[in-house]
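Notes for the one structure printed next.
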Amino acid sequence: MGTNSNRSNEDWERLAKSLYEKPAGEHEPKDFSPENLATNSGKEEIYRMAKQIDLHLNLKKYDSHRALQKVYSRINKQTERSGSRIIFMRALKIAAVLLLAVLIGSSIYFIHEKNLQTVATAEVTVDDLGLSQIELADGTKVTLNRDSKINYPDEFGTDTREVSIVGEAFFEVAPNANKPFIIHAGEATIKVLGTSFSVNAYPENDKVEVIVETGKVKFSKLDNSPKTTNELILDPGEKGTYINTSKLLSKCMNDDPNFLAWKTHKLVFNKTSLKEVIKQLNKAYHVQIDTADPSLNKLLLNAHFERESLNFILEVISSTHGLKVVKKGEHYMLKKEA
Amino acid sequence: METKNEKELFNQLKQGDKIAFETIFNTYYASLCHYANRMLDDDEKAEEIVQDLFVNLWSKRKSLNVESSLKYYLFRSVRNLCLNQIQHFKIREKYAKNVTENQDLTIQDDDYFIEVDLAKKIAESINSLPEKRRQIFKLSREEGLKYKEIAEKLNLSVKTVEAQMGLALKQLREKLKDYKDYFIGLAIFKISRLFD
């Protein structure tokens, strides 16, 4: 009975040959009698090991993550068909949905603060992601991202509904054709004209962005210079941008499917680089994720997450690419598995 | 295969819990494909059938009742879907007979499931083989080439391929020696089944 250590290279060669070179079905060890088990257990064990290695290679062929995306897209197609009526009903109830995110030099903000009353008595609740939800006097609902502020009056005036914001927020504006809803975001002003839209701005770039979902939005700036565009009308799917430093307004199509992820925790990655994935996760989950090695940034990810925990998402990413996650407090580091 | 939380998972699935759905999917997907491929000898078709099964599992989750086990249910469904497929090919008589005669569906776990830690360790062990040896081993085990074919492809002698395969097996056995008892356990389990 050869133990592992005293098996010669020739023995291993013979063993490998009997395992791998005989036609399928023939390499099942024949000698199963209990008496032979003792002498054969070494061989039997190696046979089992070889079989598990083959099984591993066989199962590895199937890409579960990609398959799950396929299954989800088929499931979603089915539910879209049955869910379209509900979505339509909802659209009738909400005149305007908008996301607004602004972080700017606070001087402008303070000017507005003087004009608007700050009231703390409105209906404020905290949703399951820990975000504040405020219902304004007219029924408009506002979800505030972290480190964000909104200023609004207790009662709106007779002609307009005006609020101001610092940070990032999602608005579901109650319809009222006679009283336009106006949001002051730094040097930019967003006016709800039609049905539904969203507004978004990134603080690190010192700009204000507006993303329209449905309906029409008027996006204008404070500084009225005759030579440049002072206001834009945004249609669904469009993104308007105001750059604070150059004071320029522009628009293009929105190409970021995850702009609302901080509120929905719904993330779609389609051959997205790990660098971009991390940027989105940092924003949506308010954490700091980094890669240990810049070459990892180029790894691509296909995935669709809906209200998953950050740990789950990181586990999917790391098992997809053979990485490991080292966590220190709110800081995560992605490393190649040693 | 762990089944202790299977009932709970199944109940969560019925309530529309996506995490439960994904857990089930990730646990069974590759194994079910492997099983389907054994019947159909067609990887693409195998994946298609298993994906169909999961789309249906989700859309019919509310009306689903599983008497025995979720695992048994999934494997039996795949088996039936494969039989239908074989019927489509109009070669049912030739192949389906063998399969249907084997009415009792025994799923030998170690034919379809692999421990997560072991799978990781195997991947590591294969990666740690010297490049040439790893290439030869993969051509044999992943591509299913014969020694002679490998030798021709890589412009080596058959003798070299034989020696390298022996060394690969030896090295893998060395790397996986912590699992020795586990493999013996699988072997004894299999043998005791033969004597049942």
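The values are calculated or read from the model by the stated rules, or taken from the named source; none is laboratory data. Not measured: the values here are computed from a predicted model. Cβ placement follows ideal geometry from the backbone for every residue including glycine, while neighbour counts extend to all protein chains displayed. In case anyone asks, the SASA skips ligands and DNA or RNA and just uses the protein heavy atoms, side chains included. Shrake-Rupley method; radii C 1.70, N 1.55, O 1.52, S 1.80 Å.
Results, tabulated for the structure shown:
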read-out	value
Test: residue in region A:286-295 that is in a strand (DSSP E or B), under 19 Å from B:Glu124 (Cβ atoms) and either not aliphatic (A, V, I, L, M) or not assigned by TED's automatic domain parsing to the domain that holds A:Leu129 (or both)	no
Filtered residues of region B:149-184 (kept if among the basic types (Lys, Arg) and over 27 Å from the mean Cα position of the chain (by Cα))	B:Lys153, B:Lys159
Scan of region B:6-51 for residues that are closer than 12 Å to B:Leu74 by Cβ and either at the interface with another protein chain (Cβ under 9 Å from one of its Cβ atoms) or within 16 Å of the chain's Cα centre (by Cα) (or both), ordered by number	B:Ile24, B:Phe25, B:Thr27, B:Tyr28, B:Tyr29, B:Ser31, B:Leu32, B:Cys33, B:Tyr35, B:Ala36, B:Ile49, B:Val50
Looking only at region B:150-171, and only at residues there that are surrounded by fewer than 22 Cβ atoms within 10 Å (Cβ to Cβ) and touching a residue at least 24 places away in the same chain (Cβ under 8 Å), the one that is nearest to the other protein chains (Cβ to nearest Cβ)	B:Leu167
Residue list for region A:301-320, filter: within 14 Å of another protein chain (Cβ to nearest Cβ), over 17 Å from A:Tyr285 (Cα atoms) and open to solvent by 50 Å² or more (accessible area, probe 1.4 Å)	A:Ser319, A:Thr320
A:Gly186 being among the small types (Gly, Ala, Ser) and farther than 23 Å from A:Leu249 by Cα	no
Residue within region B:43-62 that is more than 22 Å from B:Asp110 (Cα to Cα), of a type in the set (Ser, Thr, Tyr) and open to solvent by 80 Å² or more (accessible area, probe 1.4 Å) present	no
Tally of residues being closer than 19 Å to B:Ile136 by Cα and at pLDDT 70 or above across region A:8-31	13
A:Lys279 being open to solvent by 30 Å² or more (accessible area, probe 1.4 Å), out of contact with any strand residue (DSSP E or B) (no Cβ under 6 Å at 6 or more places or on another chain) and among the basic types (Lys, Arg)	yes
Restricting region B:16-42 to residues that are open to solvent by 30 Å² or more (accessible area, probe 1.4 Å) and not aliphatic (A, V, I, L, M), the residue that is nearest to B:Asp111 (Cα to Cα)	B:Arg38
Hey, B:Ile126 within 11 Å of chain A (Cβ to nearest Cβ), closer than 21 Å to A:Leu59 by Cα and part of a loop (DSSP other than H, G, I, E, B) or not	no
